[in-house]
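Asks: Pasting a structure here, questions to come.
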Amino acid sequence: MKLLATYFTWIVLVASCNSKKIVASKNTDTNSKQQQTTLTYNAFTRGFFQELIITKNNFTVYKDFEKLNPISKDLDLKKWRNCLELLDQINLKDLPNLKSPTNRRQFDGAAFAQLTVIQNGDTIQSSRFDHKSPPAEIKPLVEYILSIQEN
């Protein structure tokens, strides 16, 4: 009987240790995913659409509303670091409240544009502004994103 009790205790102990290891590894995977940063720049109007998505290793451009034909290329680590440095200069809490310097988008003089930052699991979107005329606080970052697309 003692042998049966010892064997049962040993099985319970091993099973509980394994379950803790599985939970710990899942938490580690979640933390690494949340630490990733994604920058998205959208510009659109009735006849124009452009979405630029930047991640650590990739730069993707969509030029159609359906997003059927992405143009994707590898992103140089230096360009990614420049993006992060420019992003660090922005107070992300103020991003949704930034005022657009121009309003040409209201009468089809420019496309609507918006910057979205996904960082640590949080999604922060700027207010809408005219394409290529962002608020001064995010202007260096937006211009740099657009320059990556042109190269």
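None of the figures in this text is laboratory data; all of them are computed from the coordinates on show. Predicted model only: the values in this text are computed from it and were never measured. Methodologically, a virtual Cβ is constructed for each residue, glycine included, from the backbone with ideal geometry; neighbour enumeration extends over all protein chains shown.
Asks: Order by neighbour count: Phe65, Phe49, fewest other Cβ atoms within 10 Å first, most last. All intermediate terms of the calculation are to be shown ahead of the outcome.
Replies: Details: Phe65 10, Phe49 16.
Least to most surrounded, the residues fall as Phe65, Phe49.
Asks: Now for a separate question. What is the fewest-to-most order of Thr60, Thr123 by other Cβ atoms lying within 10 Å of their Cβ?
Replies: On the way: Thr60 16, Thr123 10.
Listed from fewest to most nearby Cβ atoms, that is Thr123, Thr60.
Asks: Note down the magnitude of the dipole of the range 35-150 about its Cα centre, charges +1 on Lys and Arg C-beta and -1 on Asp and Glu C-beta and zero elsewhere, to the nearest 20 debye.
Replies: Numbers: 15 positive and 14 negative charges, 28 e Å.
The calculated dipole for the range 35-150 is roughly 140 debye.
Asks: Let me know the charge dipole size of the range 78-118 about its Cα centre in debye, to the nearest 20, where only the beta-carbon of Lys, Arg (+1) and Asp, Glu (-1) is charged.
Replies: Numbers: 7 positive and 4 negative charges, 23 e Å.
That gives a dipole near 100 debye.
Asks: Using only the Cα atoms of the range 31-81, each taken as one equal point scatterer with no solvent, compute I(q) by the Debye sum, divide by I(0), and report log10 of the ratio at q = 0.13, 0.25 Å⁻¹.
Replies: One equal scatterer on each Cα of the range 31-81 leads to -0.36, -0.95.
Asks: Determine, for Glu66, Glu51, the number of other Cβ atoms within 10 Å of each Cβ, and report the residues in order from fewest to most.
Replies: Details: Glu66 7, Glu51 19.
Lowest count first: Glu66, Glu51.
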